[in-house]
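Comments concern the structure below.
Each reported figure results from applying straightforward, stated rules to the coordinates on display, with no laboratory input. Nothing here was measured: the structure is a model prediction, and the numbers come from that model. Glycine also receives a Cβ, built like all others from the backbone with ideal geometry; neighbour counts cover every protein chain displayed.
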There are 2 protein chains.
Amino acid sequence: MKQITVGIVGYGNLGRGVEKAIRQNPDLQLEAIFTRREPNGVEAGVPVVHISEAEKYIGKIDVMILCGGSATDLPEQGPQFAKMFNTVDSFDTHARIPEYFATIDAEAAANGHVSVISTGWDPGLFSLNRMLAEAILPEGKEYTFWGRGVSQGHSDAIRRVEGVKNGVQYTIPVEEAVAKVRAGENPELTTRQKHLRECFVVTEEGADQARIEKEIKEMPNYFSDYDTTVNFISEEELKANHSAMPHGGTVLRSGRTGENSTQIIEFGLKLDSNPEFTASVLVAYARAAAKLSAQGDKGAKTVFDIPFGLLSPKSAEQLRKELL
Amino acid sequence: MKQITVGIVGYGNLGRGVEKAIRQNPDLQLEAIFTRREPNGVEAGVPVVHISEAEKYIGKIDVMILCGGSATDLPEQGPQFAKMFNTVDSFDTHARIPEYFATIDAEAAANGHVSVISTGWDPGLFSLNRMLAEAILPEGKEYTFWGRGVSQGHSDAIRRVEGVKNGVQYTIPVEEAVAKVRAGENPELTTRQKHLRECFVVTEEGADQARIEKEIKEMPNYFSDYDTTVNFISEEELKANHSAMPHGGTVLRSGRTGENSTQIIEFGLKLDSNPEFTASVLVAYARAAAKLSAQGDKGAKTVFDIPFGLLSPKSAEQLRKELL
């Protein structure tokens, strides 16, 4: 089979992760990286092209993997690229997914492309497992625990506090709560009972640490509903010990069948690198997008619409023989 | 939407599990149960019909759920029913899947039906997770641990030993091995290092228990490659404590991305009732088979070919909004 040609749009942590993931998949070939920056300033093993030149690659690239953020990049780039290419993205603003889907679907369908939206692990693999478990165990209760991992949103929130120079926030599942769910107890859990928040904060010289700690702990939406710990550390310590981007979590469903049998389905991830893992999921869905497009399919798709077999480089026959 | 009408073929543990699972799914309606026994002797809340009368239900039943065994029932009933109906089964003789697929595919395709083969949890959900994890983390190692649970094949093997009246065998994963995999150590594990086998055996009066224990422990294929413990108990104790059919297990993949990030994907089941859970999976795939057939699809399918969204009673729009 001919290699699937891929482009990367946006060359931050996620884009670099996609570049590395493609190297692990010999059926995929990276053609070019598209950036809004000055391309001459970007080092990479393939051509780096200004995003405004993407149109010239129509016909040369089977799938564009969009690695921008959900706040401002994807709402603009998603529809624009769906017009020209098959695309895959990790749009993760849950509340705006229906609207984003409709916009992308219109462009992709009108132009004969396949666009897989909102993939990665949450939304993505976690969504798949929530859905699967609900379909199999309709009488049950679902729990998602995130972490231990770095939350970008909460780290940003810390950094906005006056007197804070830098900071990293870890979301941590409460082990006792996870254990209760695994034991089939179907507990009712408040926000506070499910996750802890642990902050590592670097302050500016002379800053009032007591005031900063109070401000963080009482911050609505982000911290006030949680048991939060704040640790003040040096910039050096932050760089040395808190530069990695681990994450993960667990989706559990505990259900009942028959008279009273407890049945538990669990899906978990333990990730050293959140962006590299998300990138690996995007790459597998890029393969699926190219295959669907080659079959004549078009329009926006989510993880719910795509048979798992299309994610693999193996043929259906090989999958039945080796993996069923 | 009109209810999907379902028939059950074979009314053992699995068939009874399917009957109970259908009650949890208001979009499905059980029409009749088909049996090889004398139908008058079978109690159920719906018509019980001799299997030879199934043909009369063509046009009245959307999907037949085949609940027979893989050794002799399904190789005969699978093709026969695929000729008349959409079907779902749990054919689990791994080595014969390609051949079974081809036979069913020919009948189903020629007669315009959809037949989902080899679903349940292994083959089934475990296969899906092995495949997904391999596609996302191509550079990695996969581990499947089964149990703690009752293995029917091993229990049967015990019962064939001379002097044994009854027996139950539990397959137990070695916790230390599981912990190493979860820690990202990618250990090389022998058969003995992965699972233990625990037997509860009732002997006939005057039987030589030492000889029986030796014979079990040295039985090739079944026990000789494992650390096996044999406990002799009374028939009463066996009935009281070992009549349930718990099972489960874990599929783990530990892979590397980027320079050297360890990424772990884990899928686990903890089941009070193996047949009831398998039944719940069959029922979700029966819904998918009916939907695929309504879309004009035909032929044999496996879990790899079916988008998860079709397993749910919810619409694609609802899934995007509620579960993505």
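For the reader, a short list of remarks on this structure follows.
- Gyration tensor verdict on segment B:241-324 (Cα atoms; rounded if a/c is under 1.5, prolate if a/b is larger than b/c, oblate otherwise): oblate
- Each Cα pair under 8 Å and six or more residues apart adds its sequence gap; the mean of these over the residue count of segment A:172-235 is a relative contact order of 38 percent.
- For the pair segment B:249-324 and segment A:154-212, the centres of their Cα atoms are 33 angstrom apart.
- Summed residue charge, Cβ within 13 Å of B:Gly68's Cβ, Lys/Arg positive, Asp/Glu negative: -2
- Selection from A:Thr302, A:Leu269, A:Leu189 lying farthest towards where the dipole of segment A:165-303 points positive, charges on Cβ: A:Thr302
- Ascending list, in nanometres, of distances separating the B:Ala44 label from those of the other copies (7 Å, Cα toward Cβ): 5.9
- Lys, Arg +1 and Asp, Glu -1 on Cβ, resulting dipole of segment B:188-255 about Cα centre, debye, nearest 20: 480
- A viscosity of 0.692 mPa s and a temperature of 37 °C, combined with the Kirkwood radius over C-alpha pairs in the Stokes-Einstein formula, give segment A:1-144 a diffusion coefficient of 203 µm²/s.
- Check: the protein assembly as shown dipole with +1 on Lys, Arg Cβ and -1 on Asp, Glu Cβ, in debye: 980
- Helical runs (DSSP H, four residues minimum) scored at -39500 (n - 2.57) apiece and divided by the length of chain B put the mean residue ellipticity at 222 nm at -10500 deg cm²/dmol.
- Long-range tail of P(r) for segment A:134-272 (Cα pairs > 22 Å, %): 46
- D (Stokes-Einstein, µm²/s), Kirkwood Cα radius, the protein assembly as shown, 1.002 mPa s at 20 °C: 80
- Copies compared at A:Gln318 - label distances in nm, ascending, label defined 7 Å from Cα in the Cβ direction: 3.8
- Both radii are taken from the alpha-carbon atoms of chain A; with Rh as the Kirkwood radius, Rg/Rh is 1.01.
- Highest mean packing comes first when the peptides A:67-79, A:115-127, B:220-232, B:11-23 are listed by Cβ atoms within 10 Å, giving A:115-127, B:11-23, A:67-79, B:220-232.
- Mean Kyte hydropathy of -1.0 or more with a Cα span along the axis of at least 24 Å, helices from DSSP in chain B: B:274-294
- The packing ranking of peptides B:192-203, B:37-48, highest mean first, is B:192-203, B:37-48, where packing means the average number of other beta carbon atoms within 10 angstrom of each residue.
- Normalised contact order of segment A:134-272, rounded percent, pairs of Cα under 8 Å and 6 or more residues apart: 31
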